[in-house]
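Quick notes on the structure that follows.
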Amino acid sequence: MKKRFSLTVLAAAALSSFLLLSACSGSDSNKDSSSSKNELVFWAMGDEASTTKELVKGFTKETGIKVKVQAIPWSNAHDKMLTAIASKSGPDVVQVGTTNMAEFVEAGALADITNKIDSTDNLDPSKFYPASVETTQFHDKTYGIPWYVETRVLFYRTDILEAAGYSEPPKTWDELHDVAVTLSKRGDDLYGFNIDPNEGTFGFMFGRQNGSELINEKGEPVLDEKEFVDAINYLDSFIKDGATPKQDLGMDITQSFGGDKPILPMFVSGPWMVNTLETTAPELDGKWAIATLPKKENNLSALGGSDLAVFEYSNQKENALKLIDYLSRSDVQMDYLKSTKNLPSNVEAWEDPSIKNDGNYQIFKEQLEASKAMPLVPQYEEMAESYKKYWEQIAVNGADVDQSMKDFNAEVAQMLKK
């Protein structure tokens, strides 16, 4: 089993590296991240950073407070935060993926803002989706504010399903399997449904749909119990019946979902994929649609997205919170949606006509109401990586599901003890 070092050890290692680099260079390697009294530093992650730079100009115009937006690739975000924690020098406001919140709260990186959220209507938890609020609250304290949300829905080729005799998307697990098997019989090397082997949330999402808690009230994993094991057996049935490829085919969406004979006419993805299809595969206009996930005991999807937090070592916590307050406004969230297609966490924003009159957004809204964040534990990312390893053994090598889940559960149990 891959050893998971504690955040304390990792932070100490990061500090050693930081001090060594500083000594060698003769300068503060984090000086670009340090804020001044009249300027906030905001770490924005991924491709959204360029849009965020435009978004905060309105804040500066209203308050006179300048904001320096630093673009941090998601791939580097974890290490950057560890270095910032170790050196106690970093941003004032930081964007944190929902699955990383627990880890950074445990590490002491995020400021407790529990006593601040009542100071303005914009930060009132009732303004946001309850499931997204849960990702900001730990030990009865609040450490962030939901910024944008995402959830997963079913994408499908309407024309291909209709040609196979299905006028509607599958609404249950049984229907999903039936449609997928039928579509896989269209010809050689054609499938019905994609199970993304690179998506760690997949098994957990289906486990919950079958009634699994994943982690019980005692903090113990229950991934070897019937509800979860049966869900993985269900997913494995797609592999065994030839309805799903065993491995990632290494194709982009226009190759796998496009054409007259799409290789994968059904898959699960998030709101970003709507924009991808509209911009990269315009020839498919009118030939695809989205639907809420098929149901077993329920049709819970995975809620993700990002939260905004104040860095614990910021010397401008009050102004940092003002910026988060501004970014939480429904009108600002609508501006962000128009630029990035990221779904607003503020429920009032969903009353905007551009959302209410858009069929796709309404599907996502319906699914958001049946969505739940992944387990809010510091070890979640490691759990997801471990799941992918076991799923590969099952899908590719035909490993026994029952034994694999026993081993997986034991591995997760050890993770959660650390």
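The values are calculated or read from the model by the stated rules, or taken from the named source; none is laboratory data. These figures come from a predicted structure and were not determined experimentally. Counting neighbours? That spans all protein chains shown, and the Cβs are built from the backbone with ideal geometry, glycine included.
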Out of (1) closer than 29 Å to Y148 by Cβ; (2) buried (at least 17 other Cβ atoms within 10 Å of the Cβ), what's the single condition that is false for D236?
-> (1)
Listed residues S314, S386, S354; which is over 20 Å from the mean Cα position of the chain (by Cα), surrounded by 20 or more Cβ atoms within 10 Å (Cβ to Cβ) and either small (G, A, S) or over 28 Å from G144 (Cα atoms) (or both)?
-> S314
In the set E150, E134, the lone residue that is crowded, with 17+ Cβ neighbours inside 10 Å, touching a Pro at 6+ places or on another chain (Cβ under 6 Å) and at pLDDT 95 or above is E150
Residues that are of a type in the set (S, T, Y) and part of a loop (DSSP other than H, G, I, E, B), drawn from region 146-205 = T151, Y166, S167, Y191
Flag for S328 being at pLDDT below 95 and either under 30 Å from F59 (Cβ atoms) or in the same structural domain as S126 (by TED's automatic domain parsing) (or both) = no
Yes or no: A302 over 19 Å from V149 (Cβ atoms), buried (at least 23 other Cβ atoms within 10 Å of the Cβ) and not acidic (D, E)?
-> no
Number of positions in region 153-192 that are crowded, with 21+ Cβ neighbours inside 10 Å, within 17 Å of T292 (Cα to Cα) and either without any contact (Cβ under 8 Å) to a residue 24 or more places away in the chain or of a type in the set (G, A, S) (or both) | 1
In region 88-121, residue nearest to H139 (Cα to Cα) [restricted to those that are surrounded by fewer than 18 Cβ atoms within 10 Å (Cβ to Cβ) and among the polar types (S, T, N, Q)] = T114
The listed residue being touching a residue at least 60 places away in the same chain (Cβ under 8 Å), among the hydroxyl-bearing types (S, T, Y) and assigned by TED's automatic domain parsing to the domain that holds F42, out of Y387, Y380, Y336 = Y336
Just name the residue that is surrounded by the most Cβ atoms within 10 Å (Cβ to Cβ) out of those in region 327-351 that are under 20 Å from V268 (Cα atoms) and touching a Gly at 6+ places or on another chain (Cβ under 9 Å).
-> L343
Taking interchain pairs and intrachain pairs at least six residues apart, which have beta carbon atoms under 9 angstrom, with the first residue in region 209-232 and under 9 Å from N409 (Cβ atoms) and the second hydroxyl-bearing (S, T, Y) and buried (at least 20 other Cβ atoms within 10 Å of the Cβ)?
-> V222/S212; L223/S212; L223/Y387; E225/S212; F228/S212
Exactly one of S237, S212 is hydroxyl-bearing (S, T, Y), under 23 Å from E297 (Cβ atoms) and not in a loop (DSSP other than H, G, I, E, B), and that one is S237
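Modelled with pLDDT of 95 or more and farther than 27 Å from G207 by Cα: is that true of K338 in this structure?
Here the answer is no, as K338 does not meet what is asked.
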The one condition in (1) surrounded by fewer than 19 Cβ atoms within 10 Å (Cβ to Cβ); (2) under 22 Å from the mean Cα position of the chain (by Cα) that V396 fails to fulfil = (2)
Just wondering, is there one or more residues in region 244-251 that are of a type in the set (A, V, I, L, M, F, W, C) and buried (at least 17 other Cβ atoms within 10 Å of the Cβ)?
-> no
Has region 252-262 got at least one residue that is in contact (Cβ under 8 Å) with a residue 60 or more places away in the chain, of a type outside the set (F, W, Y) and not in a helix (DSSP H, G or I)?
-> yes
